[in-house]
Amino acid sequence: MKELFLRFVVGGTVVSFFAVLDDLLKPKSFAGLLGAAPSVTLATLSLAVLKDGKAYAQTEARSMIVGAIAFFIWALRVGRLLLKHELPPLAVTASSILIWMAAAFGLWYAALR
């Protein structure tokens, strides 16, 4: 129960901080971008350090970075297909998920294994 309470406190504090930061930045097309991933990441890493130690949190952080790089590769490919070929968005994003998986596995194999 203590851990669950701590998750709510840390998560809520970090989400609130990034929401305020999001309101201060221009353009407003960033809406929600800073409220989700960074706050969840920081809350997760904070709790990992407290519960499992720095070494575990370090492994988690590296894994998150690899996942983010793989997502960036996926987003570049999806964006290019959508803009250049004007294909249906659902078909492009769904079929391109294999690119994300391949990039994540390849980066894990090359850097984290």
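Checking the a/c ratio against 1.5 first, then a/b against b/c, what shape does the Cα gyration tensor give for the chain? Oblate, since a/c reaches 1.5 and b/c is not below a/b. Once both labels are positioned 7 Å from their Cα atoms along Cα-to-Cβ, the gap between Ala111 and Val20 label points is 3.2 nm. Dipole magnitude for the chain: about 200 debye, using +1 per Lys or Arg Cβ and -1 per Asp or Glu Cβ, origin at the Cα centre. Solvent-accessible surface of the chain, taken per residue with a 1.4 Å probe and all protein chains present: 74 Å².
For the chain, lysine pairs with C-alpha atoms less than 30 angstrom apart, excluding pairs fewer than eight positions apart on the same chain, total 4. Efficiency by 1/(1 + (r/R0)^6): what FRET value for Thr93 and Thr13, r their Cβ-Cβ distance, R0 = 25 Å, to the nearest 0.05? Plugging the Cβ-Cβ distance into 1/(1 + (r/R0)^6) gives 0.15.
The values are calculated or read from the model by the stated rules, or taken from the named source; none is laboratory data. Note that the structure is a prediction, hence the values are computed from the model and not measured. Glycine gets a Cβ as well: all are built from the backbone with ideal geometry, and neighbour counts include every protein chain shown. Accessible surface areas use protein heavy atoms only, side chains included; no ligands, DNA or RNA. Shrake-Rupley method; radii C 1.70, N 1.55, O 1.52, S 1.80 Å.
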